[in-house]
1. Is there a quick way to get the dipole size of the stretch 116-235? I mean about its Cα centre, with the Cβ of Lys and Arg at +1 and of Asp and Glu at -1; what is the value in debye to the nearest 20?
2. Could you sort out which of Lys170/Lys205; Lys210/Lys266; Lys228/Lys266 sit more than 23 Å apart by Cα distance in this structure?
3. What shape does the stretch 114-169 take by its C-alpha gyration tensor, where a ≥ b ≥ c are the square roots of the eigenvalues and a/c under 1.5 counts as rounded, a/b above b/c as prolate, and the rest as oblate?
4. On a straight-distance basis, which aspartates and glutamates could pair with Lys320 in a cross-link, Cα separation under 16 angstrom, same-chain partners fewer than 8 positions away excluded?
5. Give the order of Ile183, Ile154, Ile318 when sorted by the count of other beta carbons within 10 angstrom, beginning with the fewest.
6. Work out how far the C-alpha atoms of the stretch 122-223 reach from end to end along every principal axis, then list the three figures in whole Å, largest first.
7. Kirkwood hydrodynamic radius, the stretch 169-328, all distinct C-alpha pairs: what's the number in Å?
8. Taking the square root of 5 times each eigenvalue of the Cα gyration tensor, what semi-axes in Å does the equivalent ellipsoid of the stretch 258-319 have, largest first?
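Derivation of every value follows stated rules applied to the coordinates shown; laboratory data play no part. From a predicted model like this one, the values you see are computed outputs, not experimental measurements. Note: ideal-geometry Cβ built from the backbone for every residue, glycine included; neighbour counts use all protein chains shown.
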Amino acid sequence: MKRIFSLALLFVCLAGTAQLAAAEQEQPTIYTIVPGDTLWGLSQRFLKDPYYWPNLWANNQSIGNPHFIYPGQRLRIYSDRIEIEPAPRAAAAAAAAKSAAEAPHEEAPQAASFSTTGSEGFLLENGAHPAGLVISLHQNREMAGTDDIVYTDIGLDQGANAGDRFSVYKKMDPVSHPVTNVILGQQVMPLGELQLSEVEDKASKAIVTKSYQEISAGSFLLPYRDRKVTVPLKSADRDLVGYIVQTQNGNTAIAVNDVVFLDLGKAQGAQPGNMLYIVRDVTPDQRFADSRIEKLPVEVVGALVVVSTGLNSSTAVIVKSVDTVYRGDRVEMRKSR
């Protein structure tokens, strides 16, 4: 009886292992694009999900404009995703590079990620307060930079100690929502970092250890946090819909690599690493419709990655665009995409 049970258990384990291996070694269906194909249509046809196509577009550098895919391009169709095959020349170069590399052990593929510079800034939301201020500069100078001495209003009474580190910021203008006009907070610009060297009861002397821009009296301080990080890309736990409420440089028109601020934060489910699509509604021309059309598919004009989040706001970087992006444009991300 024990032998029969053991054999049955072995059979179940082998069957499960075989199914797992089969899933891991799924052979894709190869599809060659023909005239008239669209990313929207292919996503609907093969994955039954027309909203997958922005994900396909944003993650393939070979596709510039999401409306233009070319006959002859080849796709690998899996049960849960679509991949663009590299061009023959690129594939040959990749194969040659792989064969030339002599590595005794293969490394696991790295997850997609996005690196920040630390100078992106963020929105200081209503109700948030700085830890202190720069109240004076050495020898009453107007500006300070790396290795200069400054003085702060943070002292022993605030629990400070020599060696404590702070980030230095400059407050910019208040930021209002482009749709509701509600004030969301104040944009802040990183200026640098400092470290307390001598601490009195109500004040301290500090050394500027790093500066992105010139520091002046009145600059405010927050406890140091390394904002130069690598953020792994991740899908959202829920659908996200928000707006670009401000740009870092104050320009109305925005392009790739520009920093923007969103009205989505932790409270709305936004997380660092979320990639959202920048979309615009398309207004139907009723003159040429047999019946009234209320809505057309949205126009996707770009993509951005969230790099940091506050409670109700976040900082993001534009990573792709096919048209000029503007303050007030809507951003969207569907759950698990």
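1. 420
2. The answer is Lys210/Lys266.
3. Verdict is oblate for the stretch 114-169.
4. Straight-line reach from Lys320, under 16 Å: Asp258, Glu299, Asp329, Glu332.
5. Taking fewest neighbouring Cβ atoms as first place, the list is Ile183, Ile318, Ile154.
6. Answer, in whole Å and largest first: 47, 27, 19 Å.
7. Values: mean 1/r = 0.0549 Å⁻¹.
That comes to 18.2 Å for the stretch 169-328.
8. 32, 12, 8
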